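S.K.: Questions regarding the structure given below will be posed in turn.
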Amino acid sequence: MAKLGLRSRLFLSHLVVMMVGLSTLLIVNKLFSPRLFVLHLEQLEGSGFNLLLVRQRLVEGFDYAWSRGAFWSVAVGGTAAGGLSYLVSKRIMQPLVQIENVTQKVAAGHLEERLPSSEIPELNRLALSFNHMAANLEGVEQRRRELVSDLTHELRTPLTVVEGYLEGLADGTIAPSTDIYQRLARETARLQQLVNDLQELSQTEAGYLPIHTQSLDLRPLLKSLVERFSDQLVEGGTVLKLNLPADLPSALADPQRVEQVLINLLGNAFRYTPEGSITVSAWSETDKLWIAVQDTGYGIAPEDLPHVFERFWRSDRSRDRHSGGTGIGLSISRRLVELQGGTIHVESKPGKGSTFRFSLPLA
Ligand code: ADP
């Protein structure tokens, strides 16, 4: 037997309810009305009316009137109720049919499709969560497309350079020398770096990166990081300072990810501060904790500031200098901070230096 659709089920259930109601009405009426009528006649006779001759005809008349009345009530009431129930079932089905259409469109790749709101609260909630899901999917798809287009752009440059050198070497227009091989190695290393950064970036952007937050005392973490960086840069012209208050409350964060963000910020600070000082500091506010990396390096031009957290973005200066950066570090850092419930900001003056600071929720 074919399965009944929701609309037929609703319609049938209305019909059944109506039929039960009508039959009860008819049966109860049929059982009691004639008796009550006869009782009424007997009362009349008791109070002195002589109904002997007309009594039979009165009862027949009542019966006839009752039957006709009942017939028309059932006919008119039944048709009206049936029609109404059909309309109601259709009305309930309408948004469901719409939901089906929209989900099919979204599944077919039209991620911009959205469900309209419905006056039925349950369906409205369904529409809201569906729209939320579709918006998320659309965001992921959008980021994926952008990533692929940025990526092709980024890969093309080193590949063109490598290709140029190799072709030159092959046809003899470039003489093989240590310098050429070193350049080739540098470009290959850049590609390697790009691939590593990309793997990380795609994980953070797709939200697959696991974040294990815990109550975290930042003092030991900051101290060991500063020590590690100081060791590496003994002969550099830059000094690294740590500025911590005596009591720093614990943050709710993932130690590995916080370290990753700090390594990126410190790495940048060193890269863009040939001489001067870099200061790492931390302080707490009402419900959050701030960590800042301040340098006295090149700084960033005001028009460049809004772009530093965009992926693949590098200032012209760092492109020229072959800084070796891929322009991915800060966008990963921002994602990591946001995944832990914080925000990241930058302030900078060209020639004076930059301050990157990020917040973490308090434990
Ligand atoms: P990269 O790997 O190129 O350093 P980032 O995303 O970490 O990528 O940084 C993006 C760009 O922001 C850098 O290329 C640089 O131009 C600028 N930048 C980042 N940190 C600093 C800083 N401390 N001082 C000056 N410029 C900076």
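The values are calculated or read from the model by the stated rules, or taken from the named source; none is laboratory data. Small disclaimer: the values here were computed from a predicted structure and weren't measured. When we count neighbours, we look across all protein chains shown, and the Cβ atoms used for this are built from the backbone with ideal geometry, even at glycine. The accessibility values were calculated without ligands, DNA or RNA, using every heavy atom of the protein model including side chains. Shrake-Rupley method; radii C 1.70, N 1.55, O 1.52, S 1.80 Å.
S.K.: From ASP150, ASP179, grab the single residue that is open to solvent by less than 60 Å² (accessible area, probe 1.4 Å) and in a helix (DSSP H, G or I).
M.R.: None of the other options fit; the residue is ASP150.
S.K.: Let me ask another. Looking at (1) surrounded by fewer than 19 Cβ atoms within 10 Å (Cβ to Cβ); (2) over 28 Å from PRO220 (Cα atoms); (3) within 11 Å of the ligand (Cβ to nearest atom), can you tell me which one PRO306 breaks?
M.R.: Here PRO306 clears every test but (3).
S.K.: Let me confirm something: among ASN124, ASN136, which residue is surrounded by 13 or more Cβ atoms within 10 Å (Cβ to Cβ), under 19 Å from the mean Cα position of the chain (by Cα) and not aliphatic (A, V, I, L, M)?
M.R.: Exactly one of ASN124, ASN136 is surrounded by 13 or more Cβ atoms within 10 Å (Cβ to Cβ), under 19 Å from the mean Cα position of the chain (by Cα) and not aliphatic (A, V, I, L, M), namely ASN124.
S.K.: Which members of segment 103-116 meet the condition of being surrounded by fewer than 12 Cβ atoms within 10 Å (Cβ to Cβ) and without any contact (Cβ under 8 Å) to a residue 24 or more places away in the chain?
M.R.: If the condition is that a residue be surrounded by fewer than 12 Cβ atoms within 10 Å (Cβ to Cβ) and without any contact (Cβ under 8 Å) to a residue 24 or more places away in the chain, then GLN104, ALA107, ALA108, GLY109, PRO116 are the ones that fit.
S.K.: Right, LEU222: touching a residue at least 40 places away in the same chain (Cβ under 8 Å) and outside any loop (DSSP other than H, G, I, E, B) or not?
M.R.: In short, yes.
S.K.: In addition: Output the residues belonging to segment 265-291 that are touching a strand residue (DSSP E or B) at 6+ places or on another chain (Cβ under 8 Å) and basic (Lys, Arg).
M.R.: Passing the criteria: only LYS288.
S.K.: What number of residues within segment 190-211 satisfy the criterion of being within 22 Å of LEU252 (Cβ to Cβ) and more than 15 Å from the ligand (Cβ to nearest atom)?
M.R.: Qualifying residue count, segment 190-211: 6.
S.K.: Can you tell me which residue in segment 289-313 is farthest from VAL258 (Cα to Cα), limited to those that are touching a helix residue (DSSP H, G or I) at 6+ places or on another chain (Cβ under 7 Å) and free of Cβ contacts under 8 Å to residues at least 24 places away in the same chain?
M.R.: By that ranking, first place goes to TRP313.
S.K.: Which one is modelled with the lowest pLDDT, of the residues in segment 201-219 that are part of a helix (DSSP H, G or I) and surrounded by fewer than 18 Cβ atoms within 10 Å (Cβ to Cβ)?
M.R.: The residue in question is ALA206.
S.K.: Let me ask you something else. Name the single residue that is farthest from GLY139 (Cα to Cα) among those in segment 111-121 being more than 17 Å from the chain's Cα centre (by Cα) and at pLDDT 90 or above.
M.R.: In this case the residue turns out to be PRO121.
S.K.: Moving on to the next point. Which condition does TYR86 not pass, out of (1) open to solvent by 80 Å² or more (accessible area, probe 1.4 Å); (2) within 30 Å of SER129 (Cα to Cα); (3) free of Cβ contacts under 8 Å to residues at least 40 places away in the same chain, if it passes all the others?
M.R.: Looking at each condition in turn, TYR86 falls short on (3).
S.K.: Could you tell me whether any residue of segment 280-299 is away from the ligand (no atom under 11 Å from the Cβ), closer than 27 Å to ARG190 by Cβ, open to solvent by 40 Å² or more (accessible area, probe 1.4 Å) and modelled with pLDDT of 90 or more?
M.R.: No, segment 280-299 has no match at all.
S.K.: Kindly indicate the residue of segment 339-352 that is surrounded by 19 or more Cβ atoms within 10 Å (Cβ to Cβ) and more than 9 Å from the ligand (Cβ to nearest atom) and also nearest to ASP295 (Cα to Cα) among those meeting that condition.
M.R.: ILE344
S.K.: Return the residues of segment 311-338 that are at pLDDT 85 or above and either near the ligand (Cβ under 8 Å from one of its atoms) or open to solvent by less than 20 Å² (accessible area, probe 1.4 Å) (or both); say none if nothing qualifies.
M.R.: Matches in segment 311-338: ILE328, GLY329, LEU330, SER331, ILE332, SER333, LEU336, VAL337.
S.K.: Which residue out of VAL16, VAL88 is among the β-branched types (Val, Ile, Thr), in a helix (DSSP H, G or I) and farther than 30 Å from PRO116 by Cα?
M.R.: None of the others qualify; the one that does is VAL16.
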